Every structure is written in C-alpha cells, then in structure tokens.
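Single-structure report; data block below.
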Amino acid sequence: MNKPIYLTVLIWLFISLNSFANDGYKLWLDYQPISDSQLKSEIELLLSGVYFYGENPTYEAIRNELNLASKSMLDKAPIYSKERLQNTKLWIGSREQLSQVLSLDQQAEIKALGDDGYWRGNIELDGKSFYTIVGNQPVGVLYGVYNWLNSIQSNTFDKFAELSDSPKIKLRMLNHWDNLDRTVERGYAGFSIWDWHKLPGYVDPRYTDYARANASIGINAVSLTNVNANALILTKDFMKKVKVLADIFRPYGIKVFLTARFSAPIQIGGLKTADPLDPEVIAFWKKKTDEIYSFIPDFGGFLVKANSEGQPGPHEYGRNHAEGANMLAEALEPHGGVLIWRAFVYSHENDVDRHMQANREFEPLDGKFKENVIIQIKNGAIDFQPREPVHPLFGAINKTNVGMEFQITQEYLGQATQLVYLAPMWEEVLKTKTFSPTPSATVASILEGKDSGQKLTLIAGVSNIGTDRNWTGHLFGQSNWYAFGRQAWDPSLESKQIAEEWIKLTFGTNPDVLSKVEEIMLESHEAAVDYMTPLGLHHIMGRSHHYGPGPWVMGGRADWTAPYYHNADSLGIGFDRTSAGSGALDQYAPEVAKAWSDPHQIPEKYLLWFHHLPWDYKLKDGNTLWEGIAYHYDRGVKEVRQMQQTWASLESEIDPAEFEHVRQLLEVQETEAVWWRNACLLYFQTFSNRPFPADIEQPEGDLEYFKSLMFPNAPGI
C-alpha cells in the first residue's frame, strides 16, 4: 500500500473509532449531539440567553452541567445574561426568587411540591415567553434542570408543555459497602472510589461526577462505608476526609451518612463498655456526634448494623434494639440527624427459622423507637435472593418509621458478569399488598407514608459502584443504578418506563434499538430466576463468595448451608413455613397467610419458599414438580441464548466498544446459566430419582466435578 495513503487510512480509522467508542464513564449523562433539526434550533435558542435568579453553589453546579451539555449537544457554550429581560430565553431560579413573575396559583402549585419538587414551562411577561425551571429550593431547581436535559437527550422535550414533579420518598439513599482499605464487600466493579489514603489532600474529579450522576436521578443521601463498620471512620482524622466529600456533594443536594460501629466507645473511646444505657457511653456518642457536625453541619446521621452476623450490638448488654437505636438517635436529635437501624438481624444460635427472626425482634418493639429512627428492612426476609416474597415486617410494624433496603449490586444475581435488570423485581415487591395497616396497603404506600402515616421515609440501595471505568463493571449494571434512583423518587414508576428512559439516554432513540434492548432487559430477571432458583428455591449458591450454584453446600452453621433451605429428600423438596412447619406464614396478614398456606393458591413463584412438596406434585400447567423445576432451569438457559441473538442483531446500531463489552459478557452469562442448570438438576435428581423431561436439553457433566469447584479469589467477599 502507498505509505501516505496507508497513514491517512490509519489516522482516519483512529479518529473514527475514538469519536465513536464509548467506555461508559459518562453513564446516562453522555450528552450526544442533537440530530433533530427542529429540536436543535429550539435548544440553541433557549441556551442563547440563560438567566439565573441569584447565585449559590447549586446554581453553579447547574451552570457547569449546562456548559457540559451544550458543548456536547450543540458544540457551543451557553450564553448567560446578567439582565433578566435582556436577550433572555431561559430563566432558572427558586419560587421565592420568581415570586414577582409567578401567579399566585403557580406559586401555590409549586409550593405544594415540597423542597425537592420542580416545575418547568413557559411564563409570559410583557408579551414575551420565557422557558422557566423553578423549584422551592435550589436542589429542586437542579432536579428540574436534569429532567429538562434528559428530555432533550431522549427527544421528548415539548417547549409548550408544563411539567412538575416531586419525590414521594424523603431519603433516597445509596449504601456503600466500602471498606477503609478500598475493598468492597459484594463489590464487582473494582475497588472503592473513596481514596481515603489520598484524602483530604487529593480530590479525585470522579467524586464530582459521582455526585452529578446521583443528583440526575434524585439520589440525595449516601452512606460511605460498610455496614460491617470500622470505628476508625468516626475519628477526627477521618472527619477531615469525609468533610471533603460532603463539601463536594452538598451543591448536588446529597447528604453524607456514616456507618457507626456499636462498639466504638470501646475501640476508639477508651471505655470498657458500649452499653447504650451507660452514662459514659451516652456521653461518648453525644460528644462524637457533636464533633462530626462541627466538620459537617448537614451530616445526615448514622446507619447501624447490630447483633447480626457477628456485629456488636445492644444484646451483649441485655438491651434491646430500641434501647440501642434510641441512644444514638438522641445524640443526633439536636442536629436534625437520622438514625437508620437495619432489621437484618439473625443468629445461628437461634434455632428459629431465619425467615422469622427479624419479626420476633422488632414487632414487640413497635412504637418504642424515637421519631428520628428508621428501621431499614430488606425487601425479603432471607438475604437479597434472586426472588423473595416480601418481608413480613412490612405491615407488621405500624408505629415506627420503616424504610426499604434493596440491593443494586448483584450479589446473588450473577454479580457483574450477568445482565439482570432489577427494576421488575423491585416493582414486584413495591406493588405487593400487605393488607395492613389498611386493607389496600402495599409496600410502596407504606414506604411513602400514605398508609403508615410516617413522615420520615426512606428507600436505600446497596451500591454497585466501583473504580471500573464504566463504574458498575457491566454496562447494564448502570441501568440498575439508574432504575434505583427513579424508583426511590417514585415507587409507582413502571420498570418498562424506566428501561425506556435509560435506553434512550445510553444508546439513543433508534426505535429498533429501543425495542430490542427493552426486550432483553425486561426478560432478564425472570431468566436469571429460572436458571438459578425457580419456583421459590433459595439460598443454594456457592459458599462465602456466593458465586455459582451450591445446593450441596454443607458444614458449619446450619443457616449458611443450602439444605437448610431446600430440604430436598426422597419425598420432595421445599421449606415448609406453614403452621405445620416453621409457622413463618403466620407473620403475614391473615389474608396472605390463609391464601399462601394452600399450595394450590400461592403464586407458584413462591411455592417452594413456603411448602415442602412431593416430586410428583402437580403444578398448574399439569407438569409434576420435578418436571416443572427441570423446565424452568432449561428455559432460563434458552432465554439467555435469545438475549444473545437479540443483542447480536444490534451490532451495526450500537457503539462498537459497548457492543463488544456486552457481547462477551452475554457469552459468560450463557456459560454460567448452563452451569447452574446442569449442576442443580444433576444434584436434585439424586433425590428425585426421576428422569429429565425428554424435550429439554439434557443436563450433562459430572456432579462431583461441580461440587469440587473452588473460587478463593472471587471478588466481593
């Protein structure tokens, strides 16, 4: 080849690939050039005259976002005006700042939206129209601007329409399980983004991008450290480091929380006890809390894991959870702080069904917690399984603030190697009827305070964020971060709607891409349940690392073994939680307990969670239980293969780097789905002693080989 031409081709190829390639760092804030000519002219006009009603750090954050978006979407910077009526097209400010141009009805409508709410639309003044984004507080304005920018990216902006929105949940929170040495418990996207060693001197620009991403989906709180807490985070040296993060997050409306180790008075306070009723312990926590607020005036409060999985707590001193929580809540109360106390409590020394232990601890204490305490309850009673029936604490305690804890990181759902969109699972939980405290109550209505009456509301999610360039390890892991923020803002949102939003912001508005990627996402969770834990099976994963199948796991404490949960024997399979078994069903409302006690009435997706049934039990489709289990496992593998085919058909429509990243991980997922199916069916066949249905792909492999697999270096332990 002629050398100059060869070099020209290489240069062109380099420029083309680099302009097209996307490493995922920008998340859903990758402001692509506007291709629609009419939309482009409308946005150019609005950004040619931007007026801010005042100055503050949040408005400066908005200005920076507009600069980024305009440069990327229009290849030009916004033009800002210092005069409200001089060449301005876009007004940005608070309700109070715009009071002279808003009608009384408009002011009342916006005021009703609360601190985080916003309104956007046109305001007419002296015969001119000004597109306006208004909030009651600067953070509401910020949320409105992000919503406006998203509508531009997704090509849904209507310059004539009015739109208002406000969150239904007060605290929308990420829980980082990050350790001070930068390892992350159940983290599958690299190390912790918090570089404690370099803080406070070096400030990674990633911290600001993290805040931008969270604010864009309405997340307003973050606990920085693992619930298996290290008391050092509460020392003065670390306060200087945490302050830097709090200062970065503040303009974006994000409050910092810290996990408090219950034994801190002993470990860093020099005391001989951590008894919550001991005067010296009470004084320690008051002094420590005051010290934290001296560094961080808007500190959110503490998140506590106590008396669970070896963590210290009030039980060591003969005290209950209310006494432990209230002591910390009293230290926070003068500052307006919140104490979040996790309901994930169980002990292997207690021979009661693990499903029941949290209710036994907390139901007798209902109404005994202070008003600034929230009991944070996992979506199910075991531990973030691929599918769980709703936790029976929802609806069982009605005089205490309760919050939801979801898991965004995929501890039991393939970790970061598998594409599993979690919003349908969360939607299933949020829409579940509890029948208490009102006959129509749902988990969502309780969390929002509609039926519970609580004023302090919370939805928290265990973060899937790490130092990987794309933040979440798997590109589609970003959709779960995004979906969590949206569902925490509004628990009534449909997972389909959220998927459409994320796809448009990530891959563009091509209808073919939208329909096919949406199909993959909406089928992915059910596929994972099918090839992992169908029909209510649960807790049958590998030991410790929780990676891959392990229905044979034995040894050590019973409640960490698989047979404790599946109870497979020659007679059948499943955990009997009816009144004839552990009695866990009685912890639900009578309407639920009565229906679910009958294996013919309970939704079959929960069947083996509550019933031990014969292998020849007839399912609703006419298949035996053994055949049904086999069909589910096989169907899960086939669903993943369909996902692969659908993704492959999009090769010409997706950024090459993103396409190849997902293609390879789907290959891994298919391999792991086959592994799950073969290992589980071969194992359960040793009890059922029945052949596999002839019309499924016959499981193959050596069961002893599957049992021998070890993963000592699996991430996230």
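Things worth noting here:
- Amide H within-cut-off set for Val338, under 5 Å, with H built and near neighbours excluded: Gly301, Phe302
- Bridge type composition, the range 86-199 - antiparallel percent by DSSP, nearest 5: 70
- For the range 575-717, the solvent-accessible area of protein heavy atoms averages 47 Å² per residue (probe radius 1.4 Å; ligands and nucleic acids excluded).
- Placed amide H near Asp165: partners under 5 Å, 5+ positions off or other chain: Tyr118
- Sites matching GluC sites (Glu not before Pro) across the range 686-716 that sit in DSSP coil, with at most 12 neighbouring C-beta atoms within 10 Å: Glu700
- Fraction of beta bridges assigned by DSSP in the chain that are antiparallel (%, nearest 5): 30
- The phi-based Karplus calculation (6.51 cos²θ - 1.76 cosθ + 1.60; θ = phi - 60°) puts the 3J(HN,Hα) values of the range 316-321 at 4, 10, x, 9, 9, 5 Hz, whole numbers, x for Gly and Pro.
- Simple rule: put +1 on each Lys or Arg Cβ and -1 on each Asp or Glu Cβ in the range 561-717, find the dipole, and look at Thr686, Leu571, Leu619; the Cα lying farthest toward the positive end is Leu571.
- Here Lys128 is the anchor, and the lysines within straight C-alpha reach of less than 30 Å, apart from those fewer than 8 places off in the same chain, are Lys40, Lys71, Lys76, Lys82, Lys89, Lys111, Lys159.
- Assigned charges on the beta-carbon of Lys, Arg, Asp, Glu; the range 213-258 dipole about Cα centre (debye): 120
- Think of the range 187-340 as having a plus end and a minus end, set by charges on the Cβ of Lys, Arg, Asp and Glu; of Leu232, Val242, Ala213, Ala213 sits farthest toward the positive end of this dipole.
- Value at 222 nm in deg cm²/dmol, rounded to 500, when DSSP H runs of n ≥ 4 in the chain each add -39,500 (n - 2.57): -12000 deg cm²/dmol
- With a Förster radius of 25 Å applied to the beta-carbon distance between Gln107 and Thr438, the computed FRET efficiency rounds to 0.15.
- With both labels modelled 7 Å from their Cα along Cα-to-Cβ, the Lys40 to Thr646 distance reads 3.2 nm.
- Amide proton proximity set for Thr235, modelled H, under 5 Å, gap of 5+: none
- Taking Cβ atoms as reference points and 12 Å as the exclusive limit, the residues near His355 contribute a net charge of -2, counting Lys and Arg as +1 and Asp and Glu as -1.
- Relative contact order, percent, the range 529-576 [alpha-carbon distance under 8 Å, six or more residues apart]: 28
- Gain on full stretching of the segment that runs from Ser515 to Ser99 - 0.36 nm per residue minus C-alpha separation: 145.4 nm
- Those GluC sites (Glu not before Pro) in the range 390-494 that DSSP places in a loop and that have at most 14 other beta carbons within 10 Å: Glu494
- Among (1) 95, 68, 67; (2) 82, 80, 52; (3) 96, 81, 47, the entry that matches Cα extents along the principal axes in Å as calculated here: (2)
- Extension gain for Ser708 to Lys82 (0.36 nm times residue separation, less C-alpha to C-alpha distance): 218.3 nm.
- In the range 277-408, lysine pairs with alpha-carbon atoms under 25 angstrom apart (chain gap of 8 or more, or interchain): 18
- Computed over the chain: relative contact order in percent, which uses C-alpha pairs under 8 Å that are six or more apart: 12
- Surface composition of the chain: carbon and sulfur atoms hold 52% of the protein heavy-atom accessible area at a 1.4 Å probe.
- Label point distance in nm, Arg663-Tyr564, each placed 7 Å from Cα along Cα→Cβ: 4.4
- Derived scalar couplings between HN and Hα for the range 524-541 equal 5, 5, 5, 4, 5, 4, 4, 8, 10, 9, x, 6, x, 4, 7, 6, 10, 9 Hz in order, rounded to whole Hz, by the Karplus curve 6.51 cos²θ - 1.76 cosθ + 1.60 (θ = phi - 60°), x for Gly and Pro.
- Charge dipole (the chain, unit charges on Cβ, about Cα centre) - positive-most of Met532, Ala306, Gln407: Ala306
- A Cβ-based charge dipole, computed about the Cα centre of the range 384-501 with Lys and Arg at +1 and Asp and Glu at -1, lands at about 260 debye.
- Loop-located trypsin sites (Lys or Arg not before Pro) in the range 364-454 (DSSP state not H, G, I, E or B) with no more than 12 neighbouring Cβ atoms inside 10 Å do not occur.
- Förster radius 56 Å - calculated FRET efficiency between Glu700 and Glu55 (Cβ-Cβ, nearest 0.05): 0.25
- Where labels lie 7 Å past Cα in the beta-carbon direction, separation of Leu571 and Thr235 in nm: 5.7
- For the range 552-559, Karplus couplings with θ = phi - 60° (6.51, -1.76, 1.60), whole Hz, Gly/Pro x: 8, 4, 9, x, x, 5, 4, 6
- Charge tally in the Cβ shell below 12 Å around Trp194, where Lys, Arg are +1 and Asp, Glu are -1, Trp194 excluded: 0
- Computed magnitude of the charge dipole of the chain (debye, nearest 20; Cβ of K, R +1, Cβ of D, E -1): 1640
The values are calculated or read from the model by the stated rules, or taken from the named source; none is laboratory data. Please read these numbers as outputs of a predicted model, since none were measured by experiment. When we count neighbours, we look across all protein chains shown, and the Cβ atoms used for this are built from the backbone with ideal geometry, even at glycine. Side chains are part of the model used for accessible areas, which takes the heavy atoms of the whole protein and leaves out ligands, DNA and RNA. Shrake-Rupley method; radii C 1.70, N 1.55, O 1.52, S 1.80 Å.
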